[in-house]
Amino acid sequence: LLHCLRSCGARALVLAPEFLESLEPDLPALRAMGLRLWAAGPEAHPAGIGDLLAEASAEADGPVPGYLSAPQSMMDTCLYIFTSGTTGLPKAAQISHLKILQCQAFYELCGAHQEDVIYLALPLYHMSGSLLGIVGCLGIGATVVLKSKFSAGQFWEDCQQHGVTVFQYIGELCRYLVNQPPSTAEHGHKVRLAVGSGLRPDTWERFLRRFGPLRVLETYGLTEGNVATFNYTGQLGAVGRASWLYKHVFPFSLIRYDVTTGEPVRDAQGHCVATCPGEPGLLVAPVSQQSPFLGYAGGPELGQGKLLKGVFRAGDVFFNTGDLLVCDHQGFLRFHDRTGDTFRWKGENVATTEVAEALESLDFLQEVNVYGVTVPGHEGRAGMAALVLRPPHSLDLARLHAHVSENLPPYAWPRFLRLQESLATTETFKQQKVRMAKEGFDPSALSDPLYVLDQPGGAYVPLTRARYGALLAGDLRI
């Protein structure tokens with residue numbers, strides 16, 4: 001919290017009364033920063049903390065002066081949205097007034113209207129919940145049903161009770177719904193549209209089969225990004241389409257990317273190389289007055305990794321999304337992987353999403369998280385899969401090995417398996433990969449059951465301390 005307040009130069013802090021006690025140890029630091037402190041409630045407050053509601057009611061009821069209420073430019077910062085901070089401390093992405101107005105049109109673009117009742121169970125400190133959800137609902141004048149915390153077991157009951165017609169999803173939220181036991185509330189609902197991002201093709205298909213008929217509108221975008229796509233056609237598994245008209249209005253490109261160096265591939269002239277249809281590429285978009293990149297609070301150096309220069313010609317500047325997408329021969333765009341999630345093993349690139357999708361087609365697996373782990377004495381990273389079983393099934397290692405052998409190339413086979421009760425996710429329902437990779441595969445450090453691929457034996461076997469020692473000594477080949 002102190003880092004966030006310092007990084008965006010906050011001058012005031014408004015607290016809900018229930019947080020006063022937990023913040024007491026930090027009050028001296030907050031006061032030392034010169035922050036004006038208010039609590040929003042009638043309860044007694046510690047010294048130095050004002051009563052916001054009382055002070056507001058004592059103010060004159062006239063309009064706010066224009067110099068305080070109107071921005072000098074549409075590109076001025078309206079608010080900050082903090083990154084998740086998975087690879088370090090959170091950064092404050094600058095959100096302009098223009099972007100707020102663009103988000104106001106989000107639900108209109110999705111085909112929602114004033115009579116819709118929109119169900120929102122996403123965190124409001126995230127762009128999907130606040131700007132697309134709340135601001136988007138304001139844009140069309142629709143009713144929004146706010147849920148303080150998402151509950152898969154109560155979702156359809158809520159939809160029935162409030163007459164929900166549209167709901168917004170992100171990440172693994174839809175997977176939680178299809179993994180729920182059947183209920184009477186999931187039939188006869190009024191939901192006609194599900195809109196969001198991060199829906200995997202296998203879950204998409206199961207979701208429509210079980211809860212349809214309804215329309216799924218998968219989108220793609222980033223909080224600080226300057227490019228977004230919509231899958232208007234409903235093509236299963238796609239996040240949009242690279243039509244010439246769309247790219248004329250909202251230009252973007254897919255360029256070749258080297259997973260080993262973490263940099264785009266450049267030709268003899270030093271320019272980036274566009275991908276061919278069916279080839280994964282890094283999604284980049286030109287930075288311009290119409291599609292700017294405003295960066296982060298705290299200095300331009302924080303946004304350096306997000307900008308690529310000299311992409312197609314000297315002097316051009318592109319925003320680097322950090323995402324690998326594939327454009328097929330029909331122009332449909334499909335999410336491939338995050339650049340940080342794709343890893344290299346045996347001289348080949350392994351996309352975690354492709355491996356996860358292959359494993360998730362097994363009926364005894366409910367959830368899968370695939371990531372790369374470093375192995376002493378080996379180049380690159382070896383694949384590891386955290387698995388959650390679908391009740392009442394048990395782990396069938398023989399079937400699992402046969403399945404990966406049939407459906408994945410040998411370099412993509414997971415070398416390690418980790419059986420868990422549930423998978424760790426972020427508050428926005430994205431799988432935790434960085435933390436899992438750091439935890440590794442040491443059986444003396446992890447309490448979960450671990451398995452290793454025995455290639456000569458053609459099977460997955462328990463990763464005992466003896467096998468772990470043999471692996472580190474180079475006696476066990478993976």
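Under Stokes-Einstein, with the Kirkwood radius over Cα pairs standing in for Rh, what whole-number D in µm²/s applies to region 397-445 at 20 °C and 1.002 mPa s?
Working: Rh = 13.1 Å.
Diffusion coefficient, whole number: 164 µm²/s.
Based only on Cα atoms, what mean projected area does the convex hull of region 341-473 have, in nm²?
Working: hull surface 31.8 nm².
Dividing the Cα hull surface by four gives the mean projection, 7.9 nm².
Taking only the alpha-carbon atoms of region 1-81, what semi-axes of the equivalent ellipsoid follow from 5 times the gyration tensor eigenvalues under a square root, in whole Å, largest first? Each step should come with its number before you reach the end.
Values: eigenvalues 124, 78, 19 Å².
Taking √(5λ) for each eigenvalue gives 25, 20, 10 Å, largest first.
For Lys306, list the lysines whose Cα falls under 26 Å from its own Cα; do not include residues on the same chain fewer than 8 positions away.
Within the straight-line cut-off, Lys306 pairs with Lys91, Lys99, Lys247, Lys430, Lys433, Lys438.
Please work out the Cα center distance from region 186-249 to region 79-145, rounded to the nearest Å.
First find each Cα centre; the distance between them is then 16 Å.
Calculate I(q)/I(0) for the chain by the Debye formula, one identical point scatterer on each C-alpha and no solvent, and give its log10 at q = 0.06, 0.10, 0.14 Å⁻¹ to two decimals.
Per q value, in the given order, log10 I(q)/I(0) is -0.32, -0.91, -1.52.
What is the calculated FRET efficiency for Leu79 to Ala314, with r their C-beta to C-beta distance and R₀ = 22 Å, to the nearest 0.05? All intermediate terms of the calculation are to be shown ahead of the outcome.
On the way: r = 36 Å, r/R0 = 1.62.
So the FRET efficiency works out to roughly 0.05.
Just flag the trypsin sites (Lys or Arg not before Pro) in region 318-352 sitting in loop per DSSP whose Cβ has no more than 15 other Cβ atoms within 10 Å. It would help to have the intermediate numbers written out before the result.
On the way: sites: Arg334, Arg338, Arg344, Lys346; in loops: Lys346.
In loop regions of region 318-352 (DSSP not H, G, I, E or B), the sparsely surrounded trypsin sites (Lys or Arg not before Pro) are Lys346.
Which of the aspartates and glutamates could be linked to Lys149 by a straight reach, that is with a Cα gap under 18 Å, when you skip same-chain ones fewer than 8 residues away?
Glu18, Glu157, Asp158, Glu172, Glu427
Could you pull out the GluC sites (Glu not before Pro) across region 365-456 that fall in loop regions by DSSP (anything but H, G, I, E, B) with no more than 15 other Cβ atoms inside 10 Å? Please report the intermediate quantities before stating the final value.
On the way: sites: Glu367, Glu379, Glu406, Glu421, Glu427, Glu439; in loops: Glu379, Glu421, Glu427.
Filter output for region 365-456: Glu379, Glu421, Glu427.
Take Leu27 and Asp267, extend 7 Å from each Cα along the Cα→Cβ direction, and tell me the distance between the two endpoints in nm.
About 6.5 nm, to one decimal.
Loop-only GluC sites (Glu not before Pro) in region 1-59, please: DSSP not H, G, I, E or B, and at most 16 other Cβ atoms within 10 Å. Before the final figure, lay out each step's value.
Working: sites: Glu18, Glu21, Glu43, Glu55, Glu59; in loops: Glu43, Glu59.
Passing sites in region 1-59 are Glu43, Glu59.
How much accessible area per residue does region 341-473 have, counting only protein heavy atoms and a probe of 1.4 Å, in square angstrom? It would help to have the intermediate numbers written out before the result.
On the way: 5960 Å² over 133 residues.
Dividing the accessible area of region 341-473 by its residue count gives 45 Å².
Counting Lys and Arg as +1 and Asp and Glu as -1, each charge on the Cβ, what is the dipole of the chain about the Cα centre in debye, to the nearest 20?
On the way: 39 positive and 47 negative charges, 185 e Å.
Using only the charged Cβ atoms, the result is roughly 880 debye.
Based on the alpha-carbon gyration tensor of region 212-254, what equivalent-ellipsoid semi-axes (square roots of 5 times the eigenvalues) come out, in whole Å, largest first? Please list the in-between numbers first.
Details: eigenvalues 88, 33, 12 Å².
Largest first, region 212-254 gives 21, 13, 8 Å.
The values are calculated or read from the model by the stated rules, or taken from the named source; none is laboratory data. Values in this document were obtained by computation on a predicted structure and should not be read as measured data. Quick reminder, even Gly has a Cβ in these numbers, built from the backbone with ideal geometry, and neighbours come from all protein chains shown. Side chains are part of the model used for accessible areas, which takes the heavy atoms of the whole protein and leaves out ligands, DNA and RNA. Shrake-Rupley method; radii C 1.70, N 1.55, O 1.52, S 1.80 Å.
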